[in-house]
Each structure stands twice: as structure tokens, then as C-alpha cells.
Amino acid sequence: MTRLSPIRRLRRSHPLAVSLVILLGSLVAVPSQAVAHAAETPPAAAASAEEEEGATDLAVGVTSSGEVLEAPRGTPTATTETIEPYTGSGDITDAGPNVSFEPAPEDASTGGGDVSTDSVIGADNRTRITATTSHPSRTIVYLTSSDARCTGFLVSKDTVVTAGHCVHPGGTGSTSDFYNNFRAYPGKNGSTNPYGSCGWTQVWTDTAWINDESEAHDWGVIKLNCSIGNTVGWLGYRWQSASLNGTSVTVRGYPDDKAYATLWTHSGSIQYSYTHVLGYAIDTGAGQSGSPAYDANLYAVGIHVRGAGGSIAYNQAKRITESLFNIIQGIT
Amino acid sequence: MRAIRQTLLTGVVVAALAACGSSSGDGRDGGSTHGTVSGRVRAPDGTGVPGCPVLPKLVEGDVGVPEKSIVTKEDGSYTWTLPPGTYDFTVVCETERDPAVPDEYGGLKANASKVKVASGETRTLDFDLS
């Protein structure tokens, strides 16, 4: 998997010319904040750019032993647009083997500590979830890897959805650059790991993320080595082609500007919904990449990926598209 | 004449492809090859300090910051891959935020302003805590 896109090939072979064109392009570009407020009718130029980057999500994965996996083929979804949430049995014996109750390496104590971040828009409206063993909080996992700490959420007995940049640096063109040593802690609450933790067997992301670092395809999926979802349940997920503007969603995850490994939540309306990206003024923090953006019926419609800042007015999620829905369904 | 037409055509194609590769700021398109920032977070005695989150804040740029948590490793080292832009960095070492921070270094901080991150480039950025 070392394919380079035409854009990257041009950037490498004619860096000066491409830089000049990008510079000229940036002089006439529409300010992004204005675009962010432009509701749901993207300009034709932006739509064609998205088309160029690949309108559909396309998966590639590796196993924990490094074997490259072929793209999964989801069940045709002519009528299926949702996967139902599940509350779980609450019985840890349903999780099968491989659940570890060893503490996380950094576990020792918890306490206070608030530091403001850029993705807190206005006042910090996040509230802490202390009852992390309730559904749906227990479906949300504190995710560690060889690279960073993120959030993820269960969508089946053994499948965690997260951000692409939590599983691969992006833009390298190589499947050998996947991060490793993934470990998922469902419902973690500070140093308390009520359901232990699980390792991984497979990791997936989008070919457009690996090759081009395309923000439009910033998703990741991790297959666990246990069936902890039988115990804690999972979130549903769904896609729709219609706009999601105004839909109320909750973003819940593990920000590192708060006390160690604590779960925080905030809800709000989706401000813009493009083919691949959702924008909202829901407060988040570093570490919340991979958090679900889920609706009142506990269906995830997006995966939190980026914070506001610079010319970016809103925090952003990778939208669950039909093709991503099919990929997740195929992996589960 | 043919050469001029070919040059113009090439220019148009390059412009179109480059436009696709640049960002509009709301994440609708893609292709923002990252830059890399790495270094060490050091206590006043020169020791690398583990467990300190290194937080970039986007000051100028049109691709949002990936919201993963990069925390210093045992030797105080860290690596961030970030979209091109200008960032302010904050490092705050607190045992409340990460028990891996040794007690004697709790409460130490450092920051760096207007750090430029360019596509495909790697730069070193060390932090001396105080």
C-alpha cells in the first residue's frame, strides 16, 4: 500500500509550482469561518474538491501481527440505515477471555485540575459523568496506543470506532505506519477500570487518510480481542443523506484538560453538515478524538475529530456516511 | 502555439489539483499533509518529565487541531503530527491530570508561542519547565 495520489505526486515533482498555485488560490479563497456559517449548501467548487478527494469512504486495515486486510464489504443497505444500540448484560462473564483487570500504567490517583482549551467555545459547558457504569457511558472507551490517548465507542461486542488520526498518522501512504498497542477501557473513571481493559486484533482506517491525510476520511476502527460489548452494550449508529443541521447530539469522552481519565459530556445542535464533516459548538478537549456524536436515541451520527481554532469556528466530527456505515457493519 | 496551449493546459490542471489539495477550513475537503513537532519536556534540573500533556492551540491555519492527547513519555519526549499552521503550545505537568508526573515536578509549566508547522517538515521544540 504505497499509492500516492496525483496531488501528492505533483507536490513532490513540482513543489515550487504547486506552492505558487496554492498561494494564489489562498488569496482568492473564501474565508473558512464564512463558509462555516453558510449552512448546508456548499459552493460548487468545494463540492468538486470533495469529489476529487473521493466521495466515499474506503477501508484498509492490518492485524496485530502486521498482516494487511482487504476492505470489508458491508451488507447492501438499500433498506438498512441504522444499527440498533444495545444496553448489554452487565455481566462481566459475557465478555469472554482476554479482559484484563491490570491497572493502566499511569493509574495511581485522581483529582481536580481544569485548564481551558481552544475547543471550549465560550464558557466551558462540559459536565462530568461519574456514573460511568451506566449505559451509554459504559460503551465509551478510554483508548491508549503507541502514539496517544483518545476516546472510542463500542458498536458491537468487540468493535470500537474512533478517529483515523488515533490509529495512523495519515499521509504516509503506508499501512506499516499504523500505530499499535491499542488498549480500550470501557467506562473508565479515573483510576477505576470497572470493566477492565481489552487489547486488539485488527485496526482499520481509510485509504484516503493513509495516502492523503484527508480530513474528510478521518475515521478508525479497532477490533478488540474480547467481547466486552456483550457486557457493557454498544451505541447504535446511522447515516442519512439529508442534512443533519439542527440535530441535537451529545459528544462524550475523555479530555486531558480535566482530572485524569474522567468522562465528560456536552450536548448541542449540529451547526453544519457536509457530506463528510459535521460542525458544532459542543465543548470538547484534547483526548476526545474518537468520541461519539450521538443523537437522543443513542445512534452515533459522527466521530469527533477536531477542535476549533485559527479560522475554524466550530469543533468537528467525521460524519458517518453510507459508505462508512457499510464499512463498520462489514468489520463488525 | 501548441507548446503555449500545452503549458496553459498543464497550468489549469495543476491549479485544479492544487485547489483540491488546499483546505477550505471547514473540513469538507482533504489533503493537508502534516508537519511534525517533537522534543523533550525538561524539569529545571534537566530531567525529562513524563505524563505532561503537550497542548497545541491553532493560532493561524484552516485545519482544526486533531483532538488526541499527546502526553510525554518516560524520558519526557513527545511527538505531535499537526496540520500546517501556526500554533501556541502549552505544557502543564500536574499529578491530578496524569499520575505519571512525579510529585516533585507537579505544577511546573512551559509554553511556546507562534510555532510554525510546515507541511512535510520536522522541527524540534523542547520545553524547559518552571
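When A:Gly287, A:Gly310 are screened for being touching a Cys at 6+ places or on another chain (Cβ under 8 Å) and at positive phi, only A:Gly287 passes. So, A:Thr192, is that one surrounded by 22 or more Cβ atoms within 10 Å (Cβ to Cβ) and among the polar types (S, T, N, Q) or not? When the stated conditions are applied, A:Thr192 does not pass them. When A:Ser289, A:Ser323, A:Ser273 are checked against the criterion of being within 7 Å of another protein chain (Cβ to nearest Cβ) and in contact with an Asp or Glu (Cβ under 7 Å, 6 or more places away or on another chain), a single residue qualifies: A:Ser289.
Being part of a loop (DSSP other than H, G, I, E, B), of a type in the set (Ser, Thr, Tyr) and over 23 Å from A:Val203 (Cβ atoms) is true for just one of A:Ser134, A:Ser156, A:Ser146. Which residue is that?
A:Ser134
Within the range B:43-83, the set of residues being more than 7 Å from chain A (Cβ to nearest Cβ) and surrounded by fewer than 20 Cβ atoms within 10 Å (Cβ to Cβ) comprises B:Ala43, B:Pro44, B:Asp45, B:Gly46, B:Thr47, B:Gly48, B:Lys73, B:Glu74, B:Asp75, B:Ser77, B:Thr79.
Only one of the listed residues (A:Asp206, A:Asp212, A:Asp177) is over 20 Å from A:Asp91 (Cβ atoms), surrounded by fewer than 21 Cβ atoms within 10 Å (Cβ to Cβ) and of a type in the set (Asp, Glu). That residue is A:Asp177. Inspection of the range A:260-282 identifies at least one residue that is aromatic (Phe, Trp, Tyr), out of contact with any helix residue (DSSP H, G or I) (no Cβ under 7 Å at 6 or more places or on another chain) and more than 18 Å from A:Asn193 (Cβ to Cβ).
Give the residue that is modelled with the lowest pLDDT, with candidates limited to residues of the range A:87-104 that are loosely packed, with under 12 Cβ neighbours inside 10 Å and within 17 Å of A:Thr192 (Cα to Cα).
Out of the qualifying residues, it is A:Glu102.
Residues that are touching a residue at least 40 places away in the same chain (Cβ under 8 Å), closer than 24 Å to A:Gly170 by Cβ and basic (Lys, Arg) within the range B:77-130 comprise just one, B:Arg123. Picking from residues in the range A:243-260 that are of a type outside the set (Asp, Glu) and modelled with pLDDT under 95, the one that is surrounded by the fewest Cβ atoms within 10 Å (Cβ to Cβ) is A:Ala259. Test B:Leu108 against the criterion of being under 22 Å from A:Ser289 (Cβ atoms) and hydrophobic (A, V, I, L, M, F, W, C), and give yes or no. Against the criterion (under 22 Å from A:Ser289 (Cβ atoms) and hydrophobic (A, V, I, L, M, F, W, C)), B:Leu108 does not qualify.
Any residue that is of a type in the set (A, V, I, L, M), modelled with pLDDT of 95 or more and either touching a Ser or Thr at 6+ places or on another chain (Cβ under 7 Å) or not in a strand (DSSP E or B) (or both) - is there at least one of those in the range A:266-279? Yes: the range A:266-279 contains one or more residues that are of a type in the set (A, V, I, L, M), modelled with pLDDT of 95 or more and either touching a Ser or Thr at 6+ places or on another chain (Cβ under 7 Å) or not in a strand (DSSP E or B) (or both). Each residue in the range A:265-319 was checked for being farther than 12 Å from A:Asp218 by Cβ, buried (at least 24 other Cβ atoms within 10 Å of the Cβ) and among the β-branched types (Val, Ile, Thr), and 4 of them qualify. Among residues that are within 8 Å of chain B (Cβ to nearest Cβ) and assigned to a strand (DSSP E or B), A:Gln316 is included. Among the residues of the range A:245-258, is there at least one that is charged (D, E, K, R) and under 18 Å from the mean Cα position of the chain (by Cα)? The answer is yes; a qualifying residue exists. Within the range A:216-232, residues that are more than 14 Å from chain B (Cβ to nearest Cβ) and assigned to a loop (DSSP other than H, G, I, E, B) sit with their Cβ atoms under 7 Å from residues that are among the small types (Gly, Ala, Ser) and surrounded by fewer than 24 Cβ atoms within 10 Å (Cβ to Cβ), at 6+ positions apart or across chains, in these pairs: A:Asn225/A:Gly199; A:Cys226/A:Gly96; A:Ser227/A:Gly96.
Let's see how each residue does on (1) modelled with pLDDT under 95; (2) in the same structural domain as B:Gly106 (by TED's automatic domain parsing); (3) touching a Cys at 6+ places or on another chain (Cβ under 7 Å):
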{"site": "B:Gly48", "(1), (2), (3)": "no, yes, no"}
{"site": "B:Cys52", "(1), (2), (3)": "no, yes, yes"}
{"site": "B:Gly61", "(1), (2), (3)": "yes, yes, no"}
{"site": "B:Gly64", "(1), (2), (3)": "yes, yes, no"}
{"site": "B:Gly76", "(1), (2), (3)": "no, yes, no"}
{"site": "B:Thr79", "(1), (2), (3)": "no, yes, no"}
{"site": "B:Pro84", "(1), (2), (3)": "yes, yes, no"}
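Counting the residues of the range B:89-114 that are part of a strand (DSSP E or B) and surrounded by 17 or more Cβ atoms within 10 Å (Cβ to Cβ) gives 8. Annotation note: of A:Ser156, A:Ser176, A:Ser137, A:Ser145, the sole residue that is modelled with pLDDT of 95 or more, small (Gly, Ala, Ser) and over 19 Å from the mean Cα position of the chain (by Cα) is A:Ser176.
The values are calculated or read from the model by the stated rules, or taken from the named source; none is laboratory data. Given the structure is predicted, the values throughout are model-derived calculations rather than measurements. Cβ: placed from backbone, ideal geometry, glycine included. Neighbour counts: every protein chain shown.
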